[in-house]
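Here's the structure we're looking at; comments come further down.
A short reminder: the numbers here are calculations on the coordinates, not readings from a lab. For clarity, every value in this text was computed on a predicted model and none was experimentally measured. Please note: Cβ atoms are built from the backbone with ideal geometry, for glycine as well, and neighbour counts cover all protein chains shown.
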Amino acid sequence: MTDQDRRNFTGRVGQVKEVTSLSNPIIKDIKALTNKKDREETGTFLAEGLKLVIDAVELGWAIRTLVYAKAAKGKPLVEQVAAKTIARGGLVLEVSEKVLSSVTRRDNPQMVVGIFEHQWKRLSDLKPASGETFVALDRVRDPGNLGTIIRTADAAGASGVILVGECTDPFSLETVRATMGSVFALPIYRATAEEFLRWSKGSGAQVVATHLAGAVDYRTIDYRPKPTVLLMGNEQSGLPETLARAADRLARIPQQGRADSLNLAVATAVMLFEARRHLLTLETK
């Protein structure tokens, strides 16, 4: 913690509110953010864990409220992020472990929780550049799958994730946990299937979709030098024909053994790192 941060924090200590009651109205509002309806109405969501909160603040995400356990008081990193929250006009709450457990719905919660504003990106504003890779997910339903895909896309150097149709909320507490902070680093776009189809036709990107009817081994596709959108289907039903027909290539991932399919997050990871391998080959030439 810098001297300036310490002065900011100690000079505004009156803005740190101590809360011990589960019936406190502010705590009730925060707990309501576990519901998608309340997240959408307020434009905010929860992120749990000191590292995630620090990463989000450093990446410029707007923090509304910081909640930390009384046991974390005095820890330099906690004081530092509290000072930054106050400096940006946010509220800081020091709470009991009982209150923090009720907020996170965990018996052994992380010591810090942040409430941040959503950052949705407009698909119409996206102009893919040569060499970029994006993941488009059709009606992904499982929060763990979505969070893992966002984290994997970040690790593979993808430039964003596009949610197509009725997808699970990337800002749910479960999904944010599964991203391990990558939700703050990677742009998230959303669109209806019709909006995605219109955008993809004029985007200049090639759309490579995984599909049971895919005739092309995913390893034989050239992911260079055009921007590429990897289009992945719903966990249960795969891609609808309207989306599959619009793809430039229908790819398959060869499998052995008795399993007839891969988990969505695993299949997406396979595709992402294959695309990344092609781009690295291009960069080294």
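Below are the figures for this structure:
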{"item": "Estimated [θ] at 222 nm from DSSP helical runs (n ≥ 4, -39500 (n - 2.57)) normalised by residues in the chain, nearest 500", "result": "-11500 deg cm²/dmol"}
{"item": "Segment 121-284 - share of DSSP beta bridges that are antiparallel (%, nearest 5)", "result": "5"}
{"item": "Ratio Rg/Rh [Cα only; Rh per Kirkwood] for the chain", "result": "1.05"}
{"item": "Counted charge near E94, where neighbours are those whose Cβ lies closer than 10 Å (Asp, Glu -1; Lys, Arg +1)", "result": "+2"}
{"item": "Alpha-carbon centroid distance for the pair segment 87-114 / segment 60-86, whole angstrom", "result": "10"}
{"item": "Listed residue (Q255, N108, S159) projecting farthest to the positive dipole end of the chain, Cβ model", "result": "N108"}
{"item": "Exposure proxy order (Cβ contacts within 10 Å, fewest to most) of V53, V270", "result": "V270, V53"}
{"item": "Sequence-distant lysines (8 or more away, or on other chains) whose Cα lies within less than 27 Å of K201", "result": "K121, K127, K226"}
{"item": "Cβ-placed point charges (K, R +1; D, E -1), dipole of segment 3-118 about Cα centre in debye, nearest 20", "result": "180"}
{"item": "Top positive-direction residue, dipole computed over the chain with Cβ charges, set Q119, A269, S200", "result": "Q119"}
{"item": "Alpha-carbon centroid distance for the pair segment 263-282 / segment 195-213, whole angstrom", "result": "17"}
{"item": "Computed FRET value (nearest 0.05) for S130 with R245, which takes r as the C-beta separation and R₀ as 22 Å", "result": "0.30"}
{"item": "For segment 121-284, radius of gyration divided by Kirkwood radius, i.e. Rg to Rh on alpha-carbons", "result": "0.93"}
{"item": "Assigned charges on the beta-carbon of Lys, Arg, Asp, Glu; segment 226-285 dipole about Cα centre (debye)", "result": "240"}
{"item": "Size of segment 3-118 as Cα extents on the principal axes (Å, biggest first)", "result": "40, 27, 23"}
{"item": "Only Lys, Arg (+1) and Asp, Glu (-1) charged, at Cβ; segment 114-245 dipole about Cα centre in debye", "result": "340"}
